[in-house]
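These notes concern the structure reproduced below.
Any read-out appearing in this document is the output of simple, stated calculations on the displayed coordinates, not a laboratory observation. Since we're looking at a predicted model, the values are computed, not measured. Glycine also receives a Cβ, built like all others from the backbone with ideal geometry; neighbour counts cover every protein chain displayed.
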């Protein structure tokens, strides 16, 4: 599986860029999609497994609320698909993730 990313964790953490760079609704319906990332303003976390989204947010009472929805934006996001990425993703602002040796 190839991994793709949009946005940058460094920009979010070091430079405070918390606004969404991607509306998750644009990913709905893509088969075999997997992804991870924070919800904009760092108000929760997104996990997508085989195109089933889970948005986890902490409520005002401290409880964790999880919804199965693509209704969120993300400041950065990593995704992959079980099959090769489609041509639309290859031409978009998505960048292929590369492994780095330390």
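Values for this structure:
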{"quantity": "Highest-first arrangement of 38-44, 76-82, where packing means the average Cβ count within 10 Å", "calculated": "76-82, 38-44"}
{"quantity": "Principal axes of the stretch 3-82: Cα extent on each, largest first, Å", "calculated": "33, 29, 16"}
